[in-house]
Each structure stands twice: as C-alpha cells, then as structure tokens.
1. Only residues that are more than 30 Å from Lys144 (Cβ to Cβ), part of a loop (DSSP other than H, G, I, E, B) and over 20 Å from the mean Cα position of the chain (by Cα): list them for region 155-213, please.
2. Would you please list the contacts, defined by Cβ atoms under 8 Å and residues six or more apart or on different chains, that run from a residue in region 147-173 that is of a type in the set (Gly, Ala, Ser) to a residue that is surrounded by fewer than 14 Cβ atoms within 10 Å (Cβ to Cβ) and not in a loop (DSSP other than H, G, I, E, B)?
3. Can you name the residue in region 183-230 that is closer than 19 Å to Arg46 by Cα, open to solvent by 20 Å² or more (accessible area, probe 1.4 Å) and in contact with a Pro (Cβ under 9 Å, 6 or more places away or on another chain) and is also modelled with the lowest pLDDT among such residues?
4. Would you confirm, using the coordinates I've provided, whether Gln180 is touching a residue at least 12 places away in the same chain (Cβ under 8 Å), polar (S, T, N, Q) and either under 28 Å from Gly25 (Cβ atoms) or buried (at least 20 other Cβ atoms within 10 Å of the Cβ) (or both)?
5. Got a sec? Which of Val80, Val8 is open to solvent by 10 Å² or more (accessible area, probe 1.4 Å), more than 30 Å from Gln98 (Cα to Cα) and either of a type in the set (A, V, I, L, M, F, W, C) or without any contact (Cβ under 8 Å) to a residue 12 or more places away in the chain (or both)?
6. Looking at (1) at pLDDT 95 or above; (2) touching a Phe, Trp or Tyr at 6+ places or on another chain (Cβ under 7 Å); (3) of a type outside the set (S, T, N, Q); (4) surrounded by fewer than 22 Cβ atoms within 10 Å (Cβ to Cβ), which one does Asp236 not meet, given that it meets all the others?
7. Kindly list, by first and then second residue, each pair from a residue in region 305-319 that is touching a residue at least 40 places away in the same chain (Cβ under 8 Å) to a residue that is of a type in the set (Val, Ile, Thr), limited to pairs with Cβ atoms under 9 Å and residues at least 6 apart or on different chains.
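The values are calculated or read from the model by the stated rules, or taken from the named source; none is laboratory data. These figures come from a predicted structure and were not determined experimentally. Because the Cβ atoms are built from the backbone with ideal geometry, glycine has one as well, and the counts that use them run over all protein chains shown. Note: areas computed on protein heavy atoms with side chains; ligands, DNA, RNA excluded. Shrake-Rupley method; radii C 1.70, N 1.55, O 1.52, S 1.80 Å.
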Amino acid sequence: MSQRFIVVGGGMIGLATALGLRQQGHRVVLLERGAQPQYTETTELRVSAIAHSSRQLLEQLGVWQRLPSTRLGPYQAMEVWDHDSFGRIHFAAAEVNQPDLGAIVENKVIEAELWQAADEAGVELHANTEVRQHENAAQQVTVKTTTEQFTADYLIAADGVQSPLRQAEGLPLTFWDYQQQGCVAVIKCSKPHGGCARQVFLPSGPVAWLPLGDPHHVSLVWSADTEVAAELKGLDDKEFTKRLQAASDTALGQLELASKRAYFPLRMQYARRWLKGRMLLLGDAAHSIHPLAGQGANLGFGDVQALLALTTNAFSHADLRNWERERKVAAVQMITAMESFKRGFGHANPLLKLVRGIGLKIANDVAPLKRTLIKSALG
C-alpha cells in the first residue's frame, strides 16, 4: 500500500531514503533548506569511507553506477600505526578475497547524483526551503514552509546533527564533547597512495590520509585536542605541512596542501528516541560519532537500508518500533567502539603504548583474528 512521506534534509541519508521510498511506489516530498547539491572539478573537503554494505544500497538505488570513476578512491589496503611505537597493523582486501575494502567518495558527489536520480524517479524536490512549523498528529503529519504546506502519513527527519525537527519535538539527547576539532583538507603527495588508507594515532588524536581518485591526492582528516587544533589553526600552510609531514612517517613522500583547511568541532550525540508518533529520525539527526574510523555515513546508510526493508511491504507502528530498537543497538555498538579506540589510543603513557603495540602486533600476526577485523571493516 502506497504511503505519503515528507523527508526533511537533502544530504546523503535523506536523499537515499527519499529515492528508495519513491522506487517502492510511495509518494515522497523532500525539503532541503540549502541549495541543490552540485560539485565542480575541485575536490570537496568532506568525504566518506563507503563500506560494502553502503555501496550495495547505492547500487540498488542505481546511484553508485552514476558516480564518476575519477571521483572514486577505492582502497585495497589499510595501514594503522601508533606514533613512536612498534605497533602497526596492515589490512589487505586480498586476505579476504575481496577486490577492495571500500571507497573514499566526496559527500557532495554522492548527494548530487542522488538528487538527480530522485528527481528522475519522481520525488518532489524543494531546495532552498526551510521548515517553519510542523504538526505530528495521530493520523497524519503537516509541514509548513514560508510559502507552502505539505501533508503526509510520515515525516522523516534527516536534517543533520542540529536537527531542528528533533529539537522542536523535544526528543531527549545524550551527548559528550570530545574536546577535539576535526581538520579536513586535500593533500598532494609525491608518492602515489597506492589505494591504501593510512591512519596514525598521535597522543592528541588520530590523523588519516584517505586515497582519492587521483593517485597523488589524499583526503586529510586530522582529529586533534582543542588546544592542539587551535595551534594548528594558527600555523601557516608551510608550518602546518611540516607538522603533517612529521606525523606521516614519510609514507606518502613529500606532502603539500592542495586546498584550504576547514575545522569543525567533534562530539558524540545519540537521540534516546528516534520515533515519536509519525516522525522518525535518521542519520546524523539520530546519532553522530567520532570520525576516526569514517563510519558515520555507513551507520546512516544502515538506518536507510533497515527502513526500506520495512517499507517495501505494509508496515505497522510496532514494525517501526522494532526498526528503532534494531538501529539504536547498531548505533550504540558503533559509539562504544569509537570511544574505546579514542580512549585506548589517546594517551602517551609508556606502559599503555607498550600494550597497544603488543595488541596491534598480535592482531597483525594472527591470521584468523586479522581476517575477522578485515571483515568487520568491510561493513
């Protein structure tokens, strides 16, 4: 039975939801407060590590096939090490008979292609449209913008970390500030990245170099404690690159900035309710995690996959409650894992460094354990 949905938020998660629902035959309106997503030849700063499960969803939606191959950074290996320690682990897709472990893709590229596909599928898209008021009634939902009013059977809030809809409904939130800032930039390297995602744990936070479509360009994600981030902000490009070079162990040769730097605060948050009446929270509106493993987008795409599995047939409120429980468990598990990584590697204590080094060496040397870790990374 066809239902009517209003999706608020034109990011990757909102657009994937809208497109999937429309392909199932539902009537869908999507409202995005910003402009229609578009990209140029310049590499975007915000990227995601798209796991196999998320890629499968995008393939089913017919969008992965639309992404330009030059903007895809498939990675066949991952290397993780502890700074100034013998601890190091190297994963390779070939160890589990896979062509790759995932792909680094610019968020804006995925969003632009999702938008086009949604438009072609018949989703009613409204860019530059801000929700002014909404009503979550027993039988239907109503959303008012500056100029129009929309009614539907369900309202999906995919409107980001700040989620005005979540706030308007007064849904309780658990959060903690990591006391860190994330720095993102595009880096040019003299050595080719070789399809390997690299990450080093510094006492002040992890630094990741993620392979882009260009063999000599990587996406930098540097998470640093607030004081260190403030120091990095104050450095000119030359001094910043020198600091980055020291952290890299020259794994990528000589590094240079190929873009501006952008900084954003890092915090974990988790909505304690994802379903209220006829409104659902998805993606960052429901949960946000530390970017150290690049799993935020995959967690959101998991929300979408589980919801689309439900909406393909007739469903009840009890079914939506089951969806909420299932996805909350997945989010809590991911939040816990990220917090364990951050706490475990966020200290320069010599004894802790020794323990971490031994742990990484064991994980790297014991084949069954290593295969399990690789399969986990695949998603």
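1. Ser190, Lys191, Pro192, His193, Gly194, Pro203, Ser204
2. Correct list of pairs: empty, since none qualify.
3. Once the filter is applied, the top-ranked residue is Gln199.
4. Yes, satisfied.
5. Exactly one of Val80, Val8 is open to solvent by 10 Å² or more (accessible area, probe 1.4 Å), more than 30 Å from Gln98 (Cα to Cα) and either of a type in the set (A, V, I, L, M, F, W, C) or without any contact (Cβ under 8 Å) to a residue 12 or more places away in the chain (or both), namely Val8.
6. Condition not satisfied by Asp236: (2).
7. Leu307/Thr17; Leu307/Ile156; Leu308/Thr17
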